[in-house]
Amino acid sequence: MVDSHDVVRLPFESSTPSIARTKLAAFLTVNRAEPRLIDNALIVLSEMIANAVAHGTPDVDGTMEIGWNLDSRRLELSVRDAGRDTNLTPRPFDEDSLGGRGLSIISRVADTWSVDSSYGTKVRAELMLA
């Protein structure tokens, strides 16, 4: 598999997860990713973007940066906003909760995830290929 990636700037709005899922699904389909990887990637990316919109800050142009990179070993997803939130820790998972489960879901679905606060807040997640 050839290393393939994309970075998009999308509006800092509640509709953005849907737009990003469509773009990522197309990217992964073209690159012949397994259906399970596609499903998991769409869940993780949706949660990452929803968290950015709920808790972050848009860039000066009202957007956020969303990216993905696929190589022979893994898919890396990233979402960067202009916020400076350094306290990103998953809450205990509560199936009855109506909110606050985003990082818990990311932790359960992604193989690894991390936060870089050196330029805004950038959350990265990796999903390993089977």
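For residues in the range 23-44 being hydrophobic (A, V, I, L, M, F, W, C) and free of Cβ contacts under 8 Å to residues at least 40 places away in the same chain, which is farthest from ARG80 (Cα to Cα)? Step by step, filter the range 23-44, then rank; the result is VAL30. Across the range 60-74, the number of residues qualifying as among the acidic types (Asp, Glu) and either closer than 14 Å to ASP6 by Cα or surrounded by 15 or more Cβ atoms within 10 Å (Cβ to Cβ) (or both) comes to 2.
Tell me the residue from ASN51, ASN40 that is of a type outside the set (D, E, K, R), crowded, with 17+ Cβ neighbours inside 10 Å and under 22 Å from SER117 (Cα atoms), please. Only one candidate qualifies: ASN51.
Coordinate-derived values only; no laboratory data. Since the structure is predicted, the reported quantities are computational estimates derived from the model, not experimental observations. As a convention, Cβ positions derive from the backbone with ideal geometry for all residues, glycine included, and neighbour counts pool all protein chains shown.
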